[in-house]
Amino acid sequence: MPARKVDRAHAQANALVERLRAADVGADEIADVFWELDVLPADVVRAALTTWLGAQTEPSVPAPRLLVTLASARDADVLDLGSVAEEQLRIAGTSWDGQDLEPEERLDGERDDSFAGTLEHRVLGDAETNAPVYDVLLYAEGAGVVFEAGTTKLVARIADGRVEARDGVLRVVLELALAPKPKPKPAPKKRASRAKKS
């Protein structure tokens, strides 16, 4: 890459990191900044982040390299997961529409603001140790929230199928874990062999 382009990329990355450092930055702006950082060369972004966070051999909050789904429950089965899952559902609903409803009300199919038919609770864990790391509530076709496993500590939100998190590593790890798995291609049909005529 020519020196001028590298200088412009560094300047752009530094400006974007400064936007992230602002105390009043909102989730929408964070998402916009990460979209813009994603198109810049990785080494340029790393250099800009290093000026803010310092050189790090590991993220300050270690995130597993690979997450897998350890458990999953849908709709009313989420209520069988206990009080923490019910509180997570209440927080998810409040995050969604500002209404603080009881979990049973949030799953009432008669309500317009119901998550019935779309709610899924997943436990994501470290692929190597199978230790639970995050609880994810997905709802309303592309929305959701992510908590530290077994808690109500919110670490990320999901909007239009995209993870929004302050930690870029966490965002990528979660998006990989939550991405729909590709469907296997059907095996090609074998042709019937023709007997040779002599």
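Please identify, among 103, 41, 132, the residue showing maximal mean-square fluctuation in a Gaussian network model of the chain using a 10 angstrom Cα cutoff.
Of 103, 41, 132, the most mobile in the Gaussian network model is 41.
For the chain, with a Gaussian network of springs between Cα atoms less than 10 Å apart, report the residue from 164, 148, 18 with the top mean-square fluctuation.
Result for the chain, Cα springs under 10 Å: 18 fluctuates most.
At a Cα cut-off below 20 Å, give the aspartates and glutamates reachable from residue 181, other chains included and same-chain residues fewer than 8 away excluded.
Candidates past the 8-residue exclusion: 120, 126, 128, 135, 141, 160.
Considering the chain, what Rg and Dmax in Å follow from its alpha-carbon atoms?
Looking at the chain, its Cα Rg and Dmax stand at 22.1, 85 Å.
If you project the alpha carbons of region 3-53 onto the principal axes, what extent comes out on each, in Å, largest first?
If we take the Cα atoms of region 3-53, the spans are 34, 19, 14 Å.
Counting each DSSP H run of 4 or more residues in the chain as -39500 (n - 2.57), what helix-only mean residue ellipticity at 222 nm follows after dividing by all residues, to the nearest 500 deg cm²/dmol?
Rounded to the nearest 500, the figure is -11500 deg cm²/dmol.
Give, rounded to the nearest 20 debye, the magnitude of the charge dipole that region 3-53 has about its Cα centre when Lys and Arg contribute +1 at Cβ and Asp and Glu contribute -1 at Cβ.
320 debye
Which value in nm describes the separation of the simple spin-label points at residue 148 and residue 128, placed 7 Å from the Cα toward the beta carbon?
Those two pseudo-labels are separated by 2.1 nm.
No value in this document is a laboratory result; all are computed from the given coordinates. These figures come from a predicted structure and were not determined experimentally. In this analysis, Cβ positions are derived from the backbone assuming ideal geometry, glycine residues included, and neighbour counts consider all displayed protein chains.
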